[in-house]
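A short write-up of the structure that comes next.
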Amino acid sequence: MSRGIGNRTVWWWISLAAMVVMVVFLLYPLLTILTGSLGGGDRNGWAQLLADPRYLEAVRNTLVLAAAVTSLSVCLGVPLAYLASRYEFPGKSALALLPLIALVIPEVIAAQTWLMLVGNNGVVTRALRSVDIILPSFYGWPGLIVSLTFTYYAYVYISTLAAIRGFDVQLEEAARSLGTSPVRSRLKVLVPVIMPSVMAGALLVFTMVMGNFGTSSILGGKVRLLSVMTYQAAVAEGGADPVMQSTLASVAVGLIVIVLFLQRWILSRGRYQVVQGRNARPVPLSGRQGWLIGGAAGAVVIVSLMPLIMLVTGAFTVSRGPVMRWGEWTLANFERLLLTNPTPILNTLIYSAVATLIGIGISTLVSYMIVKKKNLFTPALDYLSTLPLALSGTAIGIGLAMSFNSGWLHLTGTGAIVVLAYVIRRLPFSMRSASSTLYNIPDSIEEASISLGVAPVPSFFKVVLPLMVPAIASAMVLTWAVTVSELSASIIVYSGGRETMPIQIYKLIDSNLMAQASAMGVLLLAVILVPIFVATKLFRVELFSSR
Amino acid sequence: MGIDIQKLGVAYGDHRVIDGLSLKIEPGSFFTLLGPSGCGKTTLLRTIAGFIDAAAGRILFGDKDVTGLPAHRRDIGMVFQDYALFPDKTVNDNVAYGLRARGQDGATIRRKVGEALERVGLGHLGQRHPAALSGGQRQRVALARALVIQPTVLLMDEPLSNLDAKLRVQVRDTITELQREAGITTVFVTHDQEEALAMSDRIGVMKSGRLEQVGTPSEIYRDSVSSYVADFVGAANTVEIDAPGAAQGMVTVGLGGHSISARVPAPLAGSRAVLIARPEDIALSPQGTGGANCVQGTVSRRQYLGGKTHYLIGIGADVALAVETHGDGHDRYMPGADVDLSFDPMKTLVLAS
Ligand SMILES: Nc1ncnc2c1ncn2[C@@H]1O[C@H](COP(=O)(O)OP(=O)(O)OP(=O)(O)O)[C@@H](O)[C@H]1O
Ligand SMILES: [Mg+2]
């Protein structure tokens with residue numbers, strides 16, 4: 001169509017620009033990783049990988065860990081979601097906290113607090129030792145599985161809960177009226193309907209465990225894991241191994257891509273439908289049954305909350321080096337962080353603020369084009385913007401570090417590369433939040449504005465953007481919350497003086513300075529929670545309305 | 001200003017939806033595009049508006065070629081099926097939107113907005129948000145918003161179809177009244193034939209991207225050029241018959257073993273044709289009293305509707321005609337009764353099949 005270009009070009013150019021940005025900052029680093037693995041003279045990375053049993057062991061361990069954590073997360077998350085949606089029992093409102101906990105507590109902090117409880121020097125370990133009970137070491141498999149399960153199961157819980165809530169009780173009643181017993185009819189009808197959501201949550205957990213760096217590195221002990229070995233190849237003292245780091249990062253990318261394709265295949269094969277309808281009215285449970293179920297659910301919530309309790313206690317406890325003097329209180333930990341070296345805090349605030357603004361700006365514009373202004377580029381933009389889901393944080397970090405350490409765009413050593421890592425890592429997340437309401441804004445609104453004489457781009461700003469504001473506000477708060485706690489990509493690209501709070505926490509844990517790490521953790525939580533609190537209470541932003 | 005569409009072609013990718021369509025709409029007239037779902041009404045309307053590019057042909061508003069002009073510079077008013085009010089703005093601000101875009105001053109805007117809302121009977125609701133209005137009120141606001149800018153042409157895509165039956169008639173009257181008053185050339189899209197007949201100066205009946213017939217409501221209804229049009233506009237009995245000799249004008253055709261006279265408005269082609277007779281144009285009388293131009297049949301179903309009665313009458317073994325009777329004793333025939341059906345030769349058409 002040659003004519004009437006006038007009302008197309010602007011969006012066309014914007015999408016072209018977005019395309020170029022994505023290719024440079026996303027596709028190019030990915031290709032750098034993949035081609036990097038082929039370097040190394042006559043023995044390229046893949047030959048070395050296959051020759052060394054340590055690498056294959058790491059791959060196997062990573063898969064086993066992901067499978068174990070995923071299964072446990074399903075066992076924990078699904079029943080909990082069923083209880084929360086169908087029954088009313090004492091203390092149920094505590095369950096509503098779960099999504100927030102999952103999103104808010106950085107996993108480094110979770111790992112750290114598990115160590116403070118049951119690590120070699122943990123409170124529980126020592127208490128038991130004093131009565132001659134010796135706990136097995138928490139490092140290695142037990143620590144990894146327990147800590148990661150409690151870090152990630154809430155994702156299964158959230159997606160299952162949404163599915164059960166959207167499930168039409170009439171369906172279930174219809175099945176029951178046909179003569180099957182309540183339990184069997186429930187399973188028969190409910191299971192296929194919520195299956196895709198359970199599956200989606202489970203596979204999300206699977207990919208997150210595979211990409212997990214913080215907990216894996218802190219609690220892994222002697223268990224070799226892919227993400228940790230990749231990290232070590234990238235930052236090893238005495239010379240990184242560029243070929244091996246890109247090979248291992250490629251393996252990580254490949255594994256996640258396989259899982260994501262598996263997910264698509266499963267979902268498409270089942271031809272599942274999203275069922276919408278009347279919500280089930282929760283059945284009140286009381287008496288023994290109520291307390292029993294409430295107690296069980298409460299226990300799970302308390303274990304999920306334990307990191308918080310431990311963290312706050314630790315932050316105000318006197319310490320001498322690695323030794324915690326429980327019961328003696330102090331503010332010295334905070335003083336030291338705030339007075340002697342406030343740089344990580346400032347860095348986190350600045351980098352995250354810039355990254356959130358850039359990320360939300362890009363997401364708003366790109367998701368608008370994907371939903372409302374389809375053209376040649378938008379399908380590619382759609383794919384590219386979800387690509388980071390297939391990249392572990394470590395892989396993103398390595399890709400950026402390798403791509404921008406020289407040449408026309410030299411970013412190594414600047415804060416910009418940390419910001420870039422943040423934006424890319426959280427892009428799918430902010431995209432999804434920003435686009436959530438777009439589907440509810442009819443095209444006709446914009447056309448009405450155009451028909452009244454306002455050009456297309458001004459129309460977007462005058463009538464569409466105001467309607468997106470609630471979604472943008474909540475996307476901003478959520479993106480901020482997940483950005484400030486980013487560790488695995490930033491720890492690879494940062495340079496001296498550019499530490500962020502999570503990096504600092506990681507270093508403090510590594511040096512066994514738990515009290516200071518706790519204090520930094522409390523500050524990090526404040527950085528996450530204060531904006532959430534302000535947004536939801538003062539500005540009435542609804543964080544989870546769109547889910 | 002009139003609208004002149006010349007050999008227009010529109011395609012979605014490779015899929016041609018409108019092909020070589022030409023149409024002239026008189027200045028100040030109310031033109032309705034009528035047709036079944038998927039025939040291209042919306043596509044044509046949005047191409048006139050400038051939201052879809054023409055792949056071929058030209059569109060003129062008056063003497064001005066607007067084919068290459070983007071929508072926001074075509075000076076159109078548009079009313080949408082889903083109202084498309086700006087939900088975050090008050091009714092006043094919605095109506096003022098187009099005036100502000102035209103840079104008019106505050107006092108003028110306030111006056112015009114007030115007048116426009118008065119005219120649609122919503123003068124008192126200016127401070128409300130669209131969410132606090134009923135469907136009918138919303139569509140009136142949308143109408144005021146489109147008319148207040150005094151556009152060259154007013155385009156409406158099924159503006160009544162989200163309203164319930166009673167409101168539909170009310171808003172329909174408002175639209176007709178305001179359009180007459182403002183004298184704005186209007187293109188109205190609907191698939192409701194009653195709406196089309198009641199509101200329009202002229203109607204264009206569309207069939208898969210082409211205009212099958214363009215004419216006044218009575219031309220469309222009385223002198224349908226095809227069984228497609230006759231069937232779409234009002235109920236019509238259509239019976240496949242053998243084509244009469246190549247004649248045009250009055251002919252004699254066979255129906256259920258009888259011969260009746262009918263009119264052939266346009267030359268026929270081929271050996272088969274269709275006989276078209278509207279239910280209210282067939283008169284019933286007791287057997288043997290039908291006079292000339294009648295056939296015998298048996299009442300197979302009777303449906304009493306108060307002011308009128310619907311019958312289904314079998315003629316021979318395989319033809320059944322719907323008949324509607326009014327006036328005294330319209331309900332007098334019972335199922336099983338033998339009756340004569342009399343046809344008015346002028347209102348009984350034979351068309352190409
Ligand atoms: N965006 C599009 N892309 C491809 N094909 C389209 C698109 N919009 C409409 N079509 C096709 O063009 C044809 C005409 O569609 P159009 O919307 O103009 O029909 P309509 O007469 O308005 O129907 P309705 O009465 O249902 O609104 C249909 O076959 C439709 O499938
Ligand atoms: Mg339509």
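Does the range A:321-328 include one or more residues that are in a strand (DSSP E or B) and either closer than 26 Å to A:Ala421 by Cβ or of a type in the set (Val, Ile, Thr) (or both)?
yes
Contact list please: Cβ distance under 6 Å, first residue in the range B:173-192 and at pLDDT below 90, second residue within 16 Å of ligand 2 (Cβ to nearest atom) and not basic (Lys, Arg), pairs at least six apart or on different chains.
Once the first residue is at pLDDT below 90 and sits in the range B:173-192, no partner that is within 16 Å of ligand 2 (Cβ to nearest atom) and not basic (Lys, Arg) comes close enough.
I'm trying to understand the selection: among the residues of the range B:161-172, which are within 10 Å of B:Gly136 (Cβ to Cβ) and more than 13 Å from ligand 1 (Cβ to nearest atom)?
Restricting attention to the range B:161-172, the residues satisfying the condition of being within 10 Å of B:Gly136 (Cβ to Cβ) are B:162-164, B:166-168, B:170-171.
Scanning the range B:161-172 gives B:Leu163, B:Asp164, B:Lys166, B:Leu167, B:Arg168, B:Gln170, B:Val171.
Which numbered condition trips up B:Asp63, out of (1) at the interface with another protein chain (Cβ under 8 Å from one of its Cβ atoms); (2) surrounded by fewer than 23 Cβ atoms within 10 Å (Cβ to Cβ); (3) free of Cβ contacts under 8 Å to residues at least 40 places away in the same chain?
(1)
Report yes if some residue within the range B:77-86 is within 16 Å of ligand 2 (Cβ to nearest atom), assigned by TED's automatic domain parsing to the domain that holds B:Leu211 and assigned to a strand (DSSP E or B); otherwise report no.
Here is the first cut: in the range B:77-86, the residues within 16 Å of ligand 2 (Cβ to nearest atom) are B:78-84.
Next, from what is left, pick out any that are assigned by TED's automatic domain parsing to the domain that holds B:Leu211: B:78-84.
Those still in the list that are assigned to a strand (DSSP E or B) too: B:78-79.
Yes, some residue in the range B:77-86 is within 16 Å of ligand 2 (Cβ to nearest atom), assigned by TED's automatic domain parsing to the domain that holds B:Leu211 and assigned to a strand (DSSP E or B).
Against the definition (assigned to a helix (DSSP H, G or I) and not assigned by TED's automatic domain parsing to the domain that holds A:Ile14), how does A:Met369 come out, yes or no? Walk me through it before giving the result.
Working: assigned to a helix (DSSP H, G or I): yes; not assigned by TED's automatic domain parsing to the domain that holds A:Ile14: no.
Judged against the criteria, A:Met369 is not a match.
Name every residue in the range B:1-25 that is within 14 Å of another protein chain (Cβ to nearest Cβ), away from ligand 2 (no atom under 16 Å from the Cβ) and either within 25 Å of B:Thr176 (Cβ to Cβ) or crowded, with 22+ Cβ neighbours inside 10 Å (or both), in order of residue number.
B:Leu8
Out of B:Ala96, B:Ala131, B:Ala107, report the one residue that is assigned to a helix (DSSP H, G or I) and either at positive phi or surrounded by 21 or more Cβ atoms within 10 Å (Cβ to Cβ) (or both). Don't jump to the end; show me each part of the working.
Working: B:Ala131 fails: either at positive phi or surrounded by 21 or more Cβ atoms within 10 Å (Cβ to Cβ) (or both); B:Ala107 fails: either at positive phi or surrounded by 21 or more Cβ atoms within 10 Å (Cβ to Cβ) (or both).
On inspection, the qualifying residue turns out to be B:Ala96.
Somewhere in the range B:150-173, is a residue within 14 Å of chain A (Cβ to nearest Cβ), surrounded by 19 or more Cβ atoms within 10 Å (Cβ to Cβ), assigned to a helix (DSSP H, G or I) and out of contact with any His (no Cβ under 6 Å at 6 or more places or on another chain)?
So far as the range B:150-173 goes, no, none of its residues is within 14 Å of chain A (Cβ to nearest Cβ), surrounded by 19 or more Cβ atoms within 10 Å (Cβ to Cβ), assigned to a helix (DSSP H, G or I) and out of contact with any His (no Cβ under 6 Å at 6 or more places or on another chain).
Pull up the range A:451-463, narrow it to residues that are more than 10 Å from chain B (Cβ to nearest Cβ) and touching a residue at least 24 places away in the same chain (Cβ under 8 Å), then point me to the one that is surrounded by the fewest Cβ atoms within 10 Å (Cβ to Cβ). Explain how you work it out, then say what you get.
At the first step, the residues of the range A:451-463 found to be more than 10 Å from chain B (Cβ to nearest Cβ) are A:457, A:460-461.
Narrowing the set further to residues that are touching a residue at least 24 places away in the same chain (Cβ under 8 Å) leaves A:457, A:460.
Working: A:Val457: 12, A:Phe460: 21.
If we take residues in the range A:451-463 being more than 10 Å from chain B (Cβ to nearest Cβ) and touching a residue at least 24 places away in the same chain (Cβ under 8 Å), then A:Val457 is surrounded by the fewest Cβ atoms within 10 Å (Cβ to Cβ).
Would you mind stating whether B:Val214 is more than 16 Å from ligand 2 (Cβ to nearest atom), in contact (Cβ under 8 Å) with a residue 60 or more places away in the chain, farther than 17 Å from B:Val264 by Cβ and not assigned by TED's automatic domain parsing to the domain that holds B:Ile315? Spell out the reasoning first.
Values: more than 16 Å from ligand 2 (Cβ to nearest atom): yes; in contact (Cβ under 8 Å) with a residue 60 or more places away in the chain: yes; farther than 17 Å from B:Val264 by Cβ: yes; not assigned by TED's automatic domain parsing to the domain that holds B:Ile315: yes.
In short, yes.
Which of the following residues is of a type in the set (S, T, N, Q) and facing chain B (nearest Cβ under 9 Å): A:Ser444, A:Ser474?
Numbers: A:Ser474 fails: facing chain B (nearest Cβ under 9 Å).
Within the list A:Ser444, A:Ser474, the selection yields A:Ser444.
Would you point out which residue out of B:Thr176, B:Thr186 is surrounded by fewer than 20 Cβ atoms within 10 Å (Cβ to Cβ) and away from ligand 1 (no atom under 16 Å from the Cβ)?
Numbers: B:Thr186 fails: surrounded by fewer than 20 Cβ atoms within 10 Å (Cβ to Cβ).
Exactly one residue qualifies, and that residue is B:Thr176.
When you look at B:Ala96, is it within 30 Å of B:Leu122 (Cα to Cα), within 13 Å of chain A (Cβ to nearest Cβ) and within 16 Å of ligand 2 (Cβ to nearest atom), yes or no? Before the answer, list the steps.
Working: within 30 Å of B:Leu122 (Cα to Cα): yes; within 13 Å of chain A (Cβ to nearest Cβ): yes; within 16 Å of ligand 2 (Cβ to nearest atom): no.
Answer is no for this residue.
Working only within the range B:320-353, note down all residues that are among the aromatic types (Phe, Trp, Tyr) and touching a helix residue (DSSP H, G or I) at 6+ places or on another chain (Cβ under 8 Å). Break it down stepwise before answering.
We begin by selecting, within the range B:320-353, every residue among the aromatic types (Phe, Trp, Tyr); these are B:333, B:343.
Of everything in the range B:320-353, just one residue is among the aromatic types (Phe, Trp, Tyr) and touching a helix residue (DSSP H, G or I) at 6+ places or on another chain (Cβ under 8 Å), namely B:Phe343.
Can you give me the number of residues within the range B:191-210 that are surrounded by fewer than 16 Cβ atoms within 10 Å (Cβ to Cβ) and away from ligand 1 (no atom under 13 Å from the Cβ)?
Of the residues in the range B:191-210, 2 are surrounded by fewer than 16 Cβ atoms within 10 Å (Cβ to Cβ) and away from ligand 1 (no atom under 13 Å from the Cβ).
Among the residues of the range A:287-296, is there at least one that is part of a helix (DSSP H, G or I), of a type in the set (Phe, Trp, Tyr) and at pLDDT 70 or above?
Within the range A:287-296, the first condition is being part of a helix (DSSP H, G or I), and the residues that meet it are A:287-296.
With of a type in the set (Phe, Trp, Tyr) added as a condition, the list becomes A:291.
Those left that are additionally at pLDDT 70 or above: A:291.
Yes, the range A:287-296 has at least one match.
Every residue, every condition in (1) surrounded by fewer than 15 Cβ atoms within 10 Å (Cβ to Cβ); (2) more than 29 Å from the chain's Cα centre (by Cα); (3) more than 29 Å from A:Ala200 (Cα to Cα), yes or no:
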position: A:Val23; (1), (2), (3): yes, no, no
position: A:Leu31; (1), (2), (3): yes, no, no
position: A:Leu34; (1), (2), (3): no, no, no
position: A:Asn44; (1), (2), (3): no, yes, yes
position: A:Leu50; (1), (2), (3): yes, yes, yes
position: A:Arg54; (1), (2), (3): yes, no, yes
position: A:Val59; (1), (2), (3): no, no, no
position: A:Ser73; (1), (2), (3): no, no, no
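Collect the residues in the range A:131-163 that are in contact (Cβ under 8 Å) with a residue 12 or more places away in the chain and not in a helix (DSSP H, G or I), keeping them in residue-number order. Give the steps one after another, and end with the answer.
Taking the range A:131-163 and keeping what is in contact (Cβ under 8 Å) with a residue 12 or more places away in the chain, we get A:135, A:137-141, A:143-163.
Passing the criteria: A:Leu135, A:Ser137, A:Phe138, A:Tyr139, A:Gly140.
Just for the range B:61-75: of the residues that are touching a Gly at 6+ places or on another chain (Cβ under 9 Å) and not in a loop (DSSP other than H, G, I, E, B), which one is farthest from ligand 1 (Cβ to nearest atom)?
B:Arg73
Which residue pairs have Cβ atoms closer than 8 Å, lie 6 or more positions apart in sequence or on different chains, and pair a first residue in the range B:137-166 that is acidic (Asp, Glu) with a second residue that is modelled with pLDDT under 90 and within 16 Å of ligand 2 (Cβ to nearest atom)?
Qualifying pairs under 8 Å: B:Asp157/B:Gln81; B:Glu158/B:Gln81; B:Glu158/B:His191.
Name every residue in the range B:44-60 that is surrounded by fewer than 21 Cβ atoms within 10 Å (Cβ to Cβ), more than 10 Å from chain A (Cβ to nearest Cβ) and within 11 Å of ligand 1 (Cβ to nearest atom), in order of residue number.
Of everything in the range B:44-60, just one residue is surrounded by fewer than 21 Cβ atoms within 10 Å (Cβ to Cβ), more than 10 Å from chain A (Cβ to nearest Cβ) and within 11 Å of ligand 1 (Cβ to nearest atom), namely B:Leu45.
Do we have any residue at all in the range B:84-98 that's within 16 Å of ligand 1 (Cβ to nearest atom) and closer than 20 Å to B:Leu167 by Cα? Talk me through it step by step, then tell me what you get.
At the first step, the residues of the range B:84-98 found to be within 16 Å of ligand 1 (Cβ to nearest atom) are B:84.
The next check asks that each one be closer than 20 Å to B:Leu167 by Cα; those that pass are B:84.
Within the range B:84-98, one or more residues are within 16 Å of ligand 1 (Cβ to nearest atom) and closer than 20 Å to B:Leu167 by Cα.
Does the range B:265-308 hold any residues that are aliphatic (A, V, I, L, M) and surrounded by 15 or more Cβ atoms within 10 Å (Cβ to Cβ), and which are they? Outline the logic, then answer.
Taking the range B:265-308 as the starting set, the residues that turn out to be aliphatic (A, V, I, L, M) are B:266, B:268-269, B:273-277, B:282-284, B:292, B:295, B:299, B:305.
Within the range B:265-308, B:Leu268, B:Ala273, B:Val274, B:Leu275, B:Ile276, B:Ala277, B:Ile282, B:Ala283, B:Leu284, B:Val295, B:Val299 qualify.
Among the residues of the range B:26-51, write down those that are away from ligand 2 (no atom under 12 Å from the Cβ), in contact (Cβ under 8 Å) with a residue 24 or more places away in the chain and within 27 Å of A:Ala455 (Cα to Cα).
Within the range B:26-51, B:Pro27, B:Gly28, B:Thr47, B:Ile48, B:Ala49, B:Gly50 qualify.
Looking at (1) more than 26 Å from the chain's Cα centre (by Cα); (2) facing chain A (nearest Cβ under 8 Å), which is the only condition B:Asp82 fails?
So B:Asp82 meets the others, but not (1).
Within the bounds of the range B:295-306, is there any residue that is within 19 Å of B:Gly254 (Cα to Cα), in contact (Cβ under 8 Å) with a residue 60 or more places away in the chain, in contact with a His (Cβ under 9 Å, 6 or more places away or on another chain) and not in a helix (DSSP H, G or I)?
Filtering the range B:295-306 down to residues within 19 Å of B:Gly254 (Cα to Cα) leaves B:295-298.
Adding the requirement that they be in contact (Cβ under 8 Å) with a residue 60 or more places away in the chain leaves none.
Scanning the range B:295-306 turns up no residue that is within 19 Å of B:Gly254 (Cα to Cα), in contact (Cβ under 8 Å) with a residue 60 or more places away in the chain, in contact with a His (Cβ under 9 Å, 6 or more places away or on another chain) and not in a helix (DSSP H, G or I).
The values are calculated or read from the model by the stated rules, or taken from the named source; none is laboratory data. Source: prediction; values computed, not measured. Cβ sites come from the backbone with ideal geometry, for glycine too, and all protein chains shown count toward neighbours.
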